[in-house]
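The values are calculated or read from the model by the stated rules, or taken from the named source; none is laboratory data. All values derive from a computational prediction rather than experimental measurement. Ideal geometry is used to build each Cβ from the backbone, glycine not excepted, and the neighbour counts take in all protein chains shown. Note: accessible area is taken over every heavy atom of the protein model, side chains too, but ligands, DNA and RNA are not part of it. Shrake-Rupley method; radii C 1.70, N 1.55, O 1.52, S 1.80 Å.
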Amino acid sequence: MTTQQDLVIDALDARVERRHNRRALFTAALGAAAVGSAFAYSDPAKAQSAVTDADVLNFALNLEYLEAQFYLFAVNGTGLTAAQTASGGGTAGGTVTGGRRVDFTGDPIVGAYAREIAADEAAHVDFLRRNLATSAVAMPNINISGDANGAFTTAARAAGVVGPNDTFDPYSSPNNFLLGAFIFEDVGVTAYKGAAPLLSNKTFLEAAAGILAVEAYHAAIVRTTLYARGVQALVDATELISKARDGLDGSPTEDRVRGIAPNDDFGIAPSGSGNTLTSNIAPLNANGLAYSRTPGQVLNIVYLNAASTTMGGFFPNGVNGNIRSTT
């Protein structure tokens, strides 16, 4: 019987006939990485300690927990099962604050997109957990609330999307849902690209590249759909969110040291006009490349804090695993 793991591996590698060999190689390599195979961060400014490939995959798993819960609640009103959030050793997963079903009846296309992305993110969770096996960390406490004290409202207020006393509820409408998704998706792409140099095993790197490609498709869906709305307020909101992410993930000086042009993050505002009008769907740097964020920079964004910290924002008690600090 074909398992969900088989389906995910097939999606990452079209050469179906090699599926069983690839699964065995992935599992064997992960076991070796968990025992030893330590290495340092590729970014000296963010160096904390030596980490293993399993540490990097667990860092990714935390982010997948967050995305999966947001999308699953938006389409189903419920999230991951208890079995999908427990650690590999059986420790129960954390709690989810907020999250509810979005009414997509007036916008079935966005609803269809949401259901596809939700299934993809849940598959990423299952894929990483199955291959991390007993090394998989439990889901940490997650805040995806859109109420006055929720992480989405905190992010929207800080970005200027809503006023200092207003709330931002990503579940109140398809448009708000798309803006909530916009907060996550670009970050996921840059996170996987930034983590790539930290992986020493080529099998892990190929798997991460497969997930990165899917996350990039998700980001493009969200950006394209927002752009196609033709609503200036939505375009302006994406610019404010991207500017806020740039402010959270490090100073321009640090970006230059890392070989990244400052302010690479940007929203969907087009350029030109008339016959020269150019959309702004792919968030690329001047070289036409998706840019990278270090794990520390990613945590600055999801913790909603530009300072040195180990918790906050969408992860009120921090992520689980050995990579959990912004510095």
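Below, the figures for the structure above:
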| item | result |
| --- | --- |
| Whole-angstrom gap from the stretch 53-94 to the stretch 145-217, using each part's C-alpha centre | 15 Å |
| Most to least packed among 171-179, 137-145, 267-275, 101-109 [average Cβ atoms within 10 Å] | 137-145, 171-179, 101-109, 267-275 |
| Carbon and sulfur %, accessible surface of the stretch 49-303 computed with the full protein complex present, 1.4 Å | 56 percent |
| Shape of the stretch 49-303, Cα gyration tensor, a/c cut at 1.5 | oblate |
| Under-5 Å amide H pairs with ASN143, H placed in peptide plane, nonlocal only | THR97, PHE315 |
| For the stretch 68-124: relative contact order, % (alpha-carbon pairs under 8 angstrom, 6 or more apart) | 44 percent |
| Contact order relative to length of the stretch 49-303, as percent, for alpha carbon pairs under 8 angstrom and 6 or more apart | 17 percent |
| Peptides 203-212, 237-246 ordered by average Cβ neighbours within 10 Å, highest first | 237-246, 203-212 |
| Ranking by accessible area, most exposed first, for LYS193, LYS202 with a 1.4 Å probe | LYS202, LYS193 |
| Net charge of Cβ neighbours under 12 Å - reference ASN62; Lys, Arg +1; Asp, Glu -1 | -1 |
| Computed lengthening from SER308 to ALA233, 0.36 nm per intervening residue step minus Cα-Cα distance | 23.7 nm |
| Förster-model FRET efficiency, 22 Å R0, THR327 and ASN287, C-beta, rounded to 0.05 | 0.20 |
